[in-house]
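Heads up: the structure comes next, in structure tokens.
Coordinate-derived values only; no laboratory data. If you're wondering where the values come from, they're calculated on a predicted model, not measured in any experiment. Methodologically, a virtual Cβ is constructed for each residue, glycine included, from the backbone with ideal geometry; neighbour enumeration extends over all protein chains shown.
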Amino acid sequence: MLAMNKLRILGASVAAIAATVLITSCKDKRSTGWEYAPNMYEHIAYDPDQKNPNFADGKTAQVPPNGTIPVGFVKFDYPKTKEGYELAGAEVHSTLPQTQANYAEGKVLFMHFCSPCHGETGQGDGLVVQHGYPPPPSYSKGQSSRGGAMKDLTDGKIYHTITYGNNAMGSYASQLSPEERWKVIMYVHHLQTL
């Protein structure tokens, strides 16, 4: 009797497994089967490039309202003109503390972003220049294309140039945050004395 029950249980188990295999083999082969936490891959939020019926223009990616400033963003209200450059030179000053850590980070940032053109010592002899591009002026001996000696450039003038670029130098506003720009300027002031 005990053996008969074991055979029935074994037979029922084999039949259940066979039925499961048969049923699951008929499904789409690309299906992963059970859905666990479907909200992880079937999100309800719209992608930025999708149409969105919630807005009048049908776009998901909306322009921020006029006059708003992103959190943590520091507004630089000096235009990309000669007058804006001169005004920034007179009014803009670094508020970053003159610490050894800031200076060291400024040196690292300068070596990564600026030295390919300006050279490691700021003499305008970087690798880009060695490949035939025109050299930027030396920080300690050169003359600015906007007038005046490079060694006399103020915080605001250097900040304006990093933000907007000048001549062959493009803007580095997307590569360097405002705080990083001030650290680079701290190191450039050191190079102006060499």
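Taking the listed residues 58, 72, the one that is loosely packed, with under 11 Cβ neighbours inside 10 Å, in contact with a strand residue (DSSP E or B) (Cβ under 7 Å, 6 or more places away or on another chain) and either within 20 Å of residue 166 (Cα to Cα) or not hydroxyl-bearing (Ser, Thr, Tyr) (or both) is 58, with no other qualifying. A count restricted to the stretch 138-155 and to residues that are surrounded by fewer than 17 Cβ atoms within 10 Å (Cβ to Cβ) and either within 27 Å of the chain's Cα centre (by Cα) or not small (Gly, Ala, Ser) (or both) stands at 4.
Filtering 88, 61, 101 for residues that are farther than 30 Å from residue 121 by Cβ and of a type in the set (Gly, Ala, Ser) leaves a single hit, 61. Scanning for something within 19 Å of residue 168 (Cα to Cα) and touching a residue at least 60 places away in the same chain (Cβ under 8 Å), does the stretch 127-146 turn up at least one residue? Yes.
Quick one: which of 158, 162, 185 is touching a residue at least 60 places away in the same chain (Cβ under 8 Å), surrounded by 13 or more Cβ atoms within 10 Å (Cβ to Cβ), part of a helix (DSSP H, G or I) and of a type in the set (A, V, I, L, M)?
185
Checked against the criterion of being over 21 Å from residue 185 (Cα atoms) and surrounded by 17 or more Cβ atoms within 10 Å (Cβ to Cβ), the stretch 103-126 has no qualifying residue.
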